[in-house]
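J.: Could you have a look at this structure, given as structure tokens, before my questions?
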């Protein structure tokens with residue numbers, strides 16, 4: 001169980017008050033995921049920090065039974081620790097022929113020491129011999145956005161495809177090299193980043209999350225103006 005310290009503030013992270021209105025914390029240490037989120041939010045003007053930047057902020061255990069539970073838990077706890085709006089996501093690969101597995105355990109499939117390649121090769125082994133129509137799969141992503149006061153909203157995105165017959169492509173991360181998008185006749189790892197960032201599960205969830213972030217910031221600005229009046 002993660003034990004949280006109530007005295008964590010962004011002063012510990014050497015951030016100035018002038019930066020506060022644009023700060024969004026991203027509750028991840030996954031560099032591939034962080035890179036995508038930064039690209040997807042680039043035009044919003046936020047100042048993004050992550051758990052990679054501030055290793056003294058603890059990793060939050062993913063103990064939920066659903067993607068939403070995990071995403072909300074991470075967002076809420078990191079928001080309380082840092083004192084700023086926090087974005088967290090949990091994502092999964094769900095394969096019909098495997099009864100939805102690896103599902104919520106996608107990031108931990110085969111254990112903490114397994115690499116992305118290890119996990120991809122295992123999935124290919126499990127579906128080996130199945131025709132394409134029986135290799136249906138979907139990527140799911142749930143993004144939660146939380147404020148330090150406990151307000152939290154979430155958004156979900158999904159992308160449907162098939163499990164490829166082999167590893168294909170060098171872009172992306174995670175299960176991208178085996179997730180085949182039939183519309184483009186390529187795996188996620190073969191797609192140009194710009195295209196992936198329009199059609200992926202994370203891209204679709206972020207599009208919804210942008211509206212949540214804007215709404216939260218507008219409320220905060222309104223509250224500040226009210227206090228000043």
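J.: Would you confirm whether or not segment 112-128 contains a residue that is modelled with pLDDT under 95 and surrounded by fewer than 20 Cβ atoms within 10 Å (Cβ to Cβ)?
T.: Looking for residues that are modelled with pLDDT under 95 and surrounded by fewer than 20 Cβ atoms within 10 Å (Cβ to Cβ), one finds at least one in segment 112-128, hence yes.
J.: Collect the residues in segment 206-224 that are closer than 15 Å to residue 141 by Cα and either modelled with pLDDT under 70 or touching a helix residue (DSSP H, G or I) at 6+ places or on another chain (Cβ under 9 Å) (or both), keeping them in residue-number order.
T.: Hits for segment 206-224 are 206, 207, 209, 210.
J.: Condition test on residue 107, is it modelled with pLDDT under 95, part of a helix (DSSP H, G or I) and out of contact with any helix residue (DSSP H, G or I) (no Cβ under 7 Å at 6 or more places or on another chain)?
T.: Criteria met by residue 107.
J.: Among 77, 94, which is surrounded by 15 or more Cβ atoms within 10 Å (Cβ to Cβ), at pLDDT 90 or above and assigned to a helix (DSSP H, G or I)?
T.: After ruling out the rest, the residue left standing is 77.
J.: List pairs: first residue in segment 107-136 and at positive phi, second residue modelled with pLDDT of 95 or more and surrounded by 12 or more Cβ atoms within 10 Å (Cβ to Cβ) anywhere in the structure, Cβ distance under 7 angstrom, at least six positions apart or on different chains.
T.: That search, which allows pairs on different chains as well, returns 110/118; 110/119; 110/122.
J.: Now a separate question. Test residue 210 against the stated conditions and say whether it is surrounded by 15 or more Cβ atoms within 10 Å (Cβ to Cβ), under 14 Å from the mean Cα position of the chain (by Cα) and more than 20 Å from residue 30 (Cα to Cα).
T.: Criteria met by residue 210.
J.: Within segment 36-54, which residues are in a helix (DSSP H, G or I) and farther than 25 Å from residue 189 by Cα?
T.: 44
J.: Separate question: Restricting to segment 70-114, name every residue that is closer than 14 Å to residue 27 by Cβ and out of contact with any strand residue (DSSP E or B) (no Cβ under 7 Å at 6 or more places or on another chain).
T.: Passing the criteria: 73, 77, 80, 81, 83, 107.
The values are calculated or read from the model by the stated rules, or taken from the named source; none is laboratory data. Everything numeric in this text was worked out from a predicted model, so none of it was measured. Please note: Cβ atoms are built from the backbone with ideal geometry, for glycine as well, and neighbour counts cover all protein chains shown.
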